[in-house]
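Working notes, beginning with the structure itself.
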């Protein structure tokens, strides 16, 4: 299959990500689509480091670093500031991790979405506070080890259903995407770029460091997340119209879990429990969705 | 044009005349009528600005930071708890070198809940790198808004202008509203020197090593010091067009005064009357108004106070475990002077407690009678 992705690159070699970092691929694919008329907002996250140390930057578009909980509010301000000066063309991209999105920045994000601010908000989700050393966030999945959910007491609550929460704001576009499926991801970014209002993209972004997995296997893990139904690819338009973009192959979750050391402590019962949860969530999604 | 208006509307008119382009705002008593009036100006087209109704003060300041980084002239207003919530982003605005202007209506912090006048909110933000101006009248409020943009945009540091809850915010006075064309002459449209520009891409605020980090902090201090010269020129230029100026401080009857009362905000107006009365009785007393708190006006303060025998500082705030905050600043300014007065710290007027002529007279008499200032601040008024 030939790729439909644009090939102009906006990230240069020499960035400071770990080998196999999903967050770099996510940014790369997105900027390939959005192009040079883009301003990026980065709250505290791995990307605060990945961009590089002053006076260098690995990104070839204007980039504004800001405090942890402010991606959506700073993006709102930038958009208004550009707009009042007559620049209605530039895309504002907020690019935040799961901690900045699900947790500390959620209030600002909810406020911006309720106002339908005109920007693309990307959550690159690596399912914990990776930059500070793998502490649990509300995006951490049930059963996972992190440095604040030790194996004797792993995460005992499910991952927050952020996409449905964002869709419930009745924003024009909300979608999941994965670094394992760049064509789908790129198509969604392109679609988001053409829509006025708040666009929310939830991008599955494996972290070999925090997930205790091999750098060489992150794409495989991300594919398995889709095909075990752990992370289905779907989109929601205007809050109500759900559409599943890729039919999962129904692979057992065990295949996904076993490639990651963060799940190594799980018993057979735990895995069966996770399979049950995943199946239930999928049924829940099917009830709302159209293929 | 003379209009009768409350202090909050004087802020709004100053903002409109400054042709602000983005106003992110969140309501808090007693700031609300500032932003309500601005939302009206935006809705009727008197002001061509984006008014963003954010969901918190933290987001208000974050939104200001984004808009200012994009190159727009940006304003917000808050008070008390709202200012405290912004604290993190006040530092960010300074570090990002953004010339944001904010009005803070001085209000007490809870608990217990109290919506009245107190300076603890703004003085708690002393070390965030914002310029601070404490206003005495509604005219000074309007004029200081316009001057603040002039100064901030030159030194690339944010400015907070401060007005007393209710005593100014909700009190109507006659205000001479400057002609828009004159303001345009004084404060031309904003052209940001540095901004997020897709034709000239840069990364703002990325990780800096200790050497660079300290260098950036040093530049902030250099520009804070330079802000004195810039603010002086801004005040002089303002006078040449509008025939009003304020200075960093105002020394009232300080010539030959044995005791000088130092204070700020609306208490200054009441204190003038007390000083006049006491002067009529032949007492050698004077008054120093502090208008500019950051950068601190060392030369003006030292010049006014060095020959006095005693100085009584009236603070509407307290740094718990130390003393009145203005008092600390005055003491530190005078410490290395060869001749210096005894300095007394008085705390009163917290949570809106009325600072009457009686209280001010009591403070002056108390300072006159005590030979040595006590280590602790002296509290005047209030119930125990």
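Read the figures in this text as sums done on the coordinates, not as results from a lab. Only a predicted model underlies this, so the values are computations on that prediction, with no experimental measurement involved. Cβ atoms come from the backbone with ideal geometry, glycine included; neighbour counts cover every protein chain shown.
Take the Kirkwood radius over Cα pairs of chain A, plug it into Stokes-Einstein at 20 °C and 1.002 mPa s, and you get 112 µm²/s for translational diffusion. Relative to the globular-protein estimate of 2.2 N^0.38 Å, the Cα radius of gyration of the range A:152-291 stands at 1.08.
Ordered by packing density, taken as the mean number of other Cβ atoms within 10 Å over each peptide's residues, highest first, how do A:34-45, B:139-150 rank?
The peptides rank, most packed first, as B:139-150, A:34-45.
Legend: mean number of C-beta atoms from other chains within 10 angstrom of residue C-beta atoms, peptide A:55-67, equals 6.
The distance separating the Cα centre of the range A:132-152 from that of the range A:61-104 comes to 28 Å.
log₁₀ I(q)/I(0) of chain B at q = 0.06, 0.08, 0.12 Å⁻¹, via Debye over equal Cα point scatterers, no solvent, to two decimals? The Cα Debye sum returns log10 ratios of -0.22, -0.40, -0.90. Provide, in order from the shortest bin, the percent of all Cα-Cα pairs of the range B:122-249 in each 5 Å bin, continuing until the bin that contains the maximum pair distance. Result, from short to long distances: 2, 9, 16, 18, 19, 14, 10, 7, 4, 1, 0 percent. Neighbouring Cβ atoms from other chains, within 10 Å of the Cβ of residues in B:47-56, number 5 on average. Calculated on C-alpha atoms, the gyration radius of the range A:1-120 divided by its Kirkwood radius gives an Rg/Rh of 0.97. The long axis of helix B:210-242 is offset from the longest Cα principal axis of chain B by roughly 80 degrees. Eigenvalues of the alpha-carbon gyration tensor of the range B:1-98, scaled by 5 and square-rooted, set the equivalent ellipsoid semi-axes at 22, 16, 11 angstrom, largest first. Legend: ranking of residues B:4, A:24, B:177 from fewest to most surrounding C-beta atoms inside 10 Å; resulting order B:4, B:177, A:24.
Seen from all directions on average, the range B:28-84 presents a Cα convex hull projection of 3.9 nm². For the range B:186-285, the Kirkwood radius over C-alpha pairs fed into Stokes-Einstein at 4 °C and 1.567 mPa s yields D = 70 µm² per second.
When the P(r) is computed for the range A:123-228, the part past 20 Å accounts for 46% of the Cα-Cα pairs.
What is the helix-to-structure angle for B:57-69, meaning the angle in degrees between its Cα long axis and the longest Cα principal axis of chain B, kept from 0 to 90 and rounded to the nearest 10? Helix B:57-69 and the main axis of chain B meet at about 60 degrees. Bridges between two residues of chain A, per DSSP, are antiparallel at a rate of about 25%. Would you mind classifying the range B:1-56 by shape? Square roots of the alpha carbon gyration tensor eigenvalues, ordered a ≥ b ≥ c; an a/c under 1.5 is rounded, otherwise it is prolate if a/b is larger than b/c and oblate if not. In terms of gyration-tensor shape, oblate. For chain B, the longest principal axis of the alpha carbon atoms and the long axis of helix B:325-334 meet at an angle near 70°.
Rounded to whole Å, the principal axis extents of the Cα atoms in the range B:81-180 read 43, 37, 15, largest first. Oblate is the label for the range A:42-102, because the ratio a/c of its alpha-carbon gyration tensor axes (a ≥ b ≥ c) is 1.5 or higher and a/b is not greater than b/c. Measuring spread by the Cα atoms of the range B:249-379 yields a radius of gyration and Dmax of 13.2, 38 Å. Taken over the range B:242-297, the percentage of Cα pairs per 10 Å bin, counting from 0 up to the bin with the maximum distance, is 25, 49, 24, 3. Per residue of the protein assembly as shown, the DSSP helices (runs of n ≥ 4 H) give a summed -39500 (n - 2.57) that works out to -12000 deg cm²/dmol at 222 nm. Each listed q (0.07, 0.09, 0.12 Å⁻¹) maps to a log10 I(q)/I(0) for the protein assembly as shown from the Debye sum over equal C-alpha point scatterers, namely -0.54, -0.80, -1.16. The base-10 log of I(q)/I(0) for the range B:306-356, evaluated at q = 0.13 Å⁻¹, reads -0.33 [Debye formula, identical scatterers on Cα atoms, solvent excluded].
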